[in-house]
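Structure, as structure tokens:
The values are calculated or read from the model by the stated rules, or taken from the named source; none is laboratory data. On a predicted model such as this, the values are computed, not experimentally measured, just so you know. Note that each Cβ is placed from the backbone with ideal geometry, even for glycine, and that neighbours are counted across all protein chains shown. Note: areas computed on protein heavy atoms with side chains; ligands, DNA, RNA excluded. Shrake-Rupley method; radii C 1.70, N 1.55, O 1.52, S 1.80 Å.
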Amino acid sequence: MKSCGVSLSVAAARRLSAAADEEKKMAAGKASEPEEDAPRLSAQESDALARVDSSLFGDQRLQEDGASMKALLVKAVRCYEALILKAEGKVDPEFFCQLGHFNLLLEEYPKALSAYQRYYSLQSDYWKNAAFLYGLGMVYFHYSAFQWAIKAFQEVLYIDPGFSRAKEIHLRLGLMFKVNTDYESSLKHFQLALIDSSHCTLSKVLSGFVASQKRYRAAKEAYESLLQTEDLPAQVKAATFQQLGWMHHTVEQLGDKANKDSYAIQCLQKSLEADPNSGQSWYFLGRCYSSIGKVQDAFISYRQSIDKSEASADTWCSIGVLYQQQNQPMDALQAYICAVQLDHSHAAAWMDLGTLYESCNQPQDAIKCYINATRSKACSNTPALAARIKYLQAQFCNLQHNSLQSKSKMLPSIEEAWSLPIPAELTSRQGVQSTGQQVRPDRHTRGHSLSCSAQLLEQLRANRTSLKPLQLQMLEQLEAQLSDMHQQQMRQNSSGQIRASLPNGPSLPAHPVPRAPSCSAPPLANGPLPPSVGNNHTPGTRANGDVPYLHPNTLPHNCTSPGDTRKSQHLTSAQLRLVFKILFYSAEITFFFMCNVTLIYRNLGKNGLSSSSILLNKCPPPRLPPPPSPPLAKDKLNPPTPSIYLENKRDAFFPPLHQFCTNPSNPVTVIRGLAGALKLDLGLFSTKTLVEANPEHLVEVRTQLCQPADENWDASGQRKQWRCESSRSYTTIAKYAQYQAASFQESLREENEKKGQKELSDSEMTSSETVSRRHKGPFKQVKFGTNIDVSDEKKWKLQLQELSKLPAFARVVSAGNLLSHVGHSILGMNTVQLFMKVPGSRTPGHQEHNNFCAVNINIGPGDCEWFAVPEPYWGVMSEFCEKNNINFLKGSWWPNLEDLYEASVPVYRFIQRPGDLVWLNTGTVHWGQAIGWCNNIWWNVGPLTAYQYKLAVERYEWNKLQSVKSMVPMVHLSWNMARNIKVSDHKLFEMIKFCLLRTLKQCQTVKEALVAAGKETIWHRRSRDEPAHYCSICEVEVFNLLFVTSESYSRKSCVVQCQDCARKASSDLDGFVVLQQYRMEDLMQVYDQFSLVSRFI
């Protein structure tokens, strides 16, 4: 589907012109009424605006028009607003959409968002408008609302893969996924951006982008190469110098400290020359000055950072470090309080604040601060802090209560410090600015800020001739600021009002005022690390209306927008490649896009996917399904797992067993005693037999932490998490068998050693020991042998023959299994996989590919523990993964049961014993862990039901939206089903028929476009057992018409691309040949012959 933005623009412009003409006629007929001073657009201006939409944002054409285009957009905005106001808002929704585009191009982001909101609320089929979704995504991106920018951009690519600004989208998606540490998705979108030959901008994307990986020298060379590029945009130059300088300051491998710091300061100064308004560069410069003892320069830099980029927790933490180093504990306390009020989870500030209290002999306050530090996800030295807390608790308990009361405190307690009068601008300046609130600051604080600023001004004036350029700039700004403040004070005195002044916190003198030593300063945590997106301080509470898609309170906090009014600047293809080279030297990414207002978002909405959804253009993009309603009662969150006990072969082949397992109301079924009933020789899959059959067969190994099955902790054992971490390696069956046996022997030795040992009872534990026992670990590592392919009939003939004893509905191959009609092997789905386990081996949470069913048989001798969640709750599970920064489809995660129960998600939990078969129904979310030493075999099955097909297609479409490859080629499978299967289910028949119709239409449309462009297709008949084809770039399924580069075709390798990716590389398809695998007549014949059959035939 193509973007309809331009056509909508034309319609809106014409309606506006017509409305203006009508207004003229009405005005002419009412001479007695005064003529309104409303702007009007000429016909020529209306025609020019008809070609304007959000796709021009950052486009070179818009920049070339310069002031004239800006003047026209300003006039258009006034005209549209006047017309909407006159009509009391009762205008065509397209007016709001176009008004949003105009404001976006003028970089009036709040107005653009407001207009887009109105369009969204009024236009039911808003999702058809790619230009609207693109503009909305750009606004979200500007406000650092990455979660919602990603959703909007994904929907653009879903409804219009050939969107004209797709390169801009892929570039931004790549950066946002990198911020979210989803490196696989990030790399994919960067690659999609690189193959696109269309023009793109980069300055707005790279503004404030930080990259640093373990390959530091390669990164340094890439940065320096980029800086040598001619005509490098100022914003890119500033960002590159910033990252190069900070990397030299923080990375020890780049030289000795003196040279590194000197080079870092030079780079940051050059960055500020290119972009003087970068608060982040000022902050980094302050850190550099602080590290070499230039306290005055550090304070000036920190002050500039706060002025340029709003109050930052990192900056205030660093200011606190400086004050503490200068023996000014009260000032240090106030700075640290500013930091933790701005970001409640700022680990470095809490640690430094605890150190400050400890140095002033206030252990109780220090303990509280250290505990707050350990609660932060960013805390990197939790074990050391836990030990320190334990020590301080013991020390505190040993002190006499009376002696504590007799000593006066050097600092206010943490509770008292939290409520000290601190200017409101420190924690809610952006909220004050956006809402226009009047804040009455504490008189003493306000006066202190003014007096210290005046003191700094006098010192700078006295040394004007010897000042550095940055200090001169500081002097000019202070003079202007104090002048404005005096004028403002005079106006307030005359009006009797007192308004909030604008200093951002405790005023910073050129150097701290010397005081008598009051506290000995122990080593500090050395300030904060580079900031990360979305600090957790409490934002302003201004509601911003009804914003599409979003949940309440989900906009990243601490949002400002420094210098976002600059024009976009362009990079050449060579410069772009250098930038990407830099990006992929990075493993730790931080984004500093800030926003001006705090937004409150609304819910996603219902799942718009219909039962016949595949390759649609009439239904909205797929959405996460809402959780079932009403929520389950707490006593129903641990339902019993359906279990069926088999006594003989007849029970296994009893038809109701198949019906029970495939019933959607049963997410999982355990068939007990299956091996005994069918006399399956499970010994064929034992470790001993596997080693005898194929000792050198490849085994993928996952190294994991051995943990309790119902918990998941980080490596330190200090914090529960969803992310399930493991590393990958490879070995052979013989070597893993040795490890399995050695693990068993080691366990026997440990059991023998434990005998006779007496454990501490709860009554013998001290309070500090009780606190420490709340933490787990350290955990030992275990190796899980996974994804062992046993599909080769020559190697595994006996094993595969044994599985033919299973009932038809559970077999690997059967006529009633959809996956048997794919026509080629899909490893691990329509072939058997083997798993070799030791206790603690985990299969992380997931749904099966394309929501197909799964069969798992435990070979033994040990047991496995399973967890399963019904398919209707997969949207809730996906949202939990998103909250924990994990990709639901491709990431590795282990759910926290407490989170699930709190969200009213039912969890089936059961034990699988040797010989038991677990049937996982369509779409069931599941995860499991080995309790003992065992092997398991596994494969997927697709029941021939409408429910299975529907969910498989829904996941196919969801994968497309998420840019994830679907392992099951549903279009290819649907055509094979039409050829091979007689369908009596009316719903299933309609869905398959619709898929055939849609793909026929798509093939015909592409053929006609190729003929019109003079591009001939080459007949390339499909060979027997040839796999379905996927685009080598974006990984969508490619059916019938294959776009192949001429180079690969000449080598007979035929690397396939889809039409959209091919046209992005070459709009006229130069360098491509198009292969056709089916004749249209043959496809139409299959379509015509596929008909519904009676159940009674």
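Summary of values
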{"quantity": "Residue among 274, 234, 238, 264 that is within 28 Å of the chain's Cα centre (by Cα), closer than 20 Å to residue 304 by Cβ and either touching a residue at least 40 places away in the same chain (Cβ under 8 Å) or crowded, with 21+ Cβ neighbours inside 10 Å (or both)", "calculated": "238"}
{"quantity": "Segments classed as helices (runs of 4 or more DSSP H), wholly inside the stretch 352-407, with at least 1 members that are modelled with pLDDT of 90 or more and open to solvent by less than 20 Å² (accessible area, probe 1.4 Å)", "calculated": "363-374"}
{"quantity": "Conditions (1) at pLDDT 95 or above; (2) within 16 Å of residue 786 (Cα to Cα); (3) within 34 Å of the chain's Cα centre (by Cα); number of the one not met by residue 857", "calculated": "(3)"}
{"quantity": "Within the stretch 1003-1020, considering residues that are touching a strand residue (DSSP E or B) at 6+ places or on another chain (Cβ under 9 Å) and of a type outside the set (A, V, I, L, M), the one least open to solvent (accessible area, probe 1.4 Å)", "calculated": "1003"}
{"quantity": "Residue ID - most open to solvent (accessible area, probe 1.4 Å), chosen from residues in the stretch 667-693 that are in a helix (DSSP H, G or I), closer than 18 Å to residue 736 by Cα and not aliphatic (A, V, I, L, M)", "calculated": "688"}
{"quantity": "Unmet criterion (only one of (1) more than 26 Å from residue 958 (Cα to Cα); (2) among the acidic types (Asp, Glu); (3) in contact with a helix residue (DSSP H, G or I) (Cβ under 7 Å, 6 or more places away or on another chain)) for residue 1082", "calculated": "(3)"}
{"quantity": "Restricting the stretch 139-154 to residues that are crowded, with 23+ Cβ neighbours inside 10 Å and touching a Leu at 6+ places or on another chain (Cβ under 6 Å), the residue that is farthest from residue 890 (Cα to Cα)", "calculated": "139"}
{"quantity": "Of the criteria (1) at pLDDT 90 or above; (2) open to solvent by less than 20 Å² (accessible area, probe 1.4 Å); (3) not in a loop (DSSP other than H, G, I, E, B); (4) not basic (Lys, Arg), which one residue 163 fails", "calculated": "(3)"}
{"quantity": "In the stretch 1045-1068, the residues that are open to solvent by 60 Å² or more (accessible area, probe 1.4 Å) and within 31 Å of the chain's Cα centre (by Cα)", "calculated": "1055, 1063"}
{"quantity": "Residue that is nearest to residue 833 (Cα to Cα), among those in the stretch 856-894 that are outside any strand (DSSP E or B) and acidic (Asp, Glu)", "calculated": "863"}
{"quantity": "Residue identified as in contact with a Gly (Cβ under 6 Å, 6 or more places away or on another chain) and either of a type in the set (Val, Ile, Thr) or not in a helix (DSSP H, G or I) (or both) among 340, 321", "calculated": "321"}
{"quantity": "Residue in the stretch 710-718 that is open to solvent by less than 20 Å² (accessible area, probe 1.4 Å), touching a His at 6+ places or on another chain (Cβ under 6 Å), under 30 Å from residue 375 (Cα atoms) and not in a strand (DSSP E or B) present", "calculated": "yes"}
{"quantity": "Candidates 725, 751 - the one that is more than 40 Å from the chain's Cα centre (by Cα) and modelled with pLDDT under 95", "calculated": "751"}
{"quantity": "Qualifying helices (runs of 4 or more DSSP H) (wholly inside the stretch 45-149; at least 2 residues being of a type in the set (S, T, N, Q) and either modelled with pLDDT under 95 or over 24 Å from the mean Cα position of the chain (by Cα) (or both))", "calculated": "60-65, 93-105, 109-122"}
{"quantity": "Among residues of the stretch 933-954, those that are open to solvent by 10 Å² or more (accessible area, probe 1.4 Å), closer than 29 Å to residue 841 by Cβ and outside any strand (DSSP E or B), counted", "calculated": "1"}
{"quantity": "Residues within the stretch 118-137 that are out of contact with any Pro (no Cβ under 6 Å at 6 or more places or on another chain), within 16 Å of residue 80 (Cβ to Cβ) and surrounded by fewer than 20 Cβ atoms within 10 Å (Cβ to Cβ), tallied", "calculated": "0"}
{"quantity": "Candidate set from the stretch 681-735 (those that are in contact (Cβ under 8 Å) with a residue 60 or more places away in the chain and hydroxyl-bearing (Ser, Thr, Tyr)); member that is nearest to residue 877 (Cα to Cα)", "calculated": "726"}
{"quantity": "Counted residues, the stretch 754-810 - those being at pLDDT below 65 and out of contact with any Gly (no Cβ under 9 Å at 6 or more places or on another chain)", "calculated": "18"}
{"quantity": "Complete set of residues in the stretch 645-666 that are in a helix (DSSP H, G or I) and in contact with a strand residue (DSSP E or B) (Cβ under 6 Å, 6 or more places away or on another chain)", "calculated": "661, 662"}
{"quantity": "Single unsatisfied condition, residue 660 versus (1) buried (at least 16 other Cβ atoms within 10 Å of the Cβ); (2) among the aromatic types (Phe, Trp, Tyr); (3) over 25 Å from residue 943 (Cα atoms); (4) at pLDDT 95 or above", "calculated": "(3)"}
{"quantity": "Close pairs from the stretch 803-818: first over 16 Å from residue 833 (Cα atoms), partner open to solvent by less than 30 Å² (accessible area, probe 1.4 Å) and of a type in the set (S, T, N, Q), Cβ under 6 Å, at least 6 apart", "calculated": "808/814"}
{"quantity": "Residue check, residue 825 in a helix (DSSP H, G or I), of a type in the set (Ser, Thr, Tyr) and open to solvent by 30 Å² or more (accessible area, probe 1.4 Å)", "calculated": "no"}
{"quantity": "The stretch 1018-1047 residues that are at negative phi, paired with ones that are hydroxyl-bearing (Ser, Thr, Tyr) and assigned to a strand (DSSP E or B) (beta carbon under 8 Å, 6 or more apart)", "calculated": "1036/1030; 1037/1030; 1038/1030; 1041/1017"}
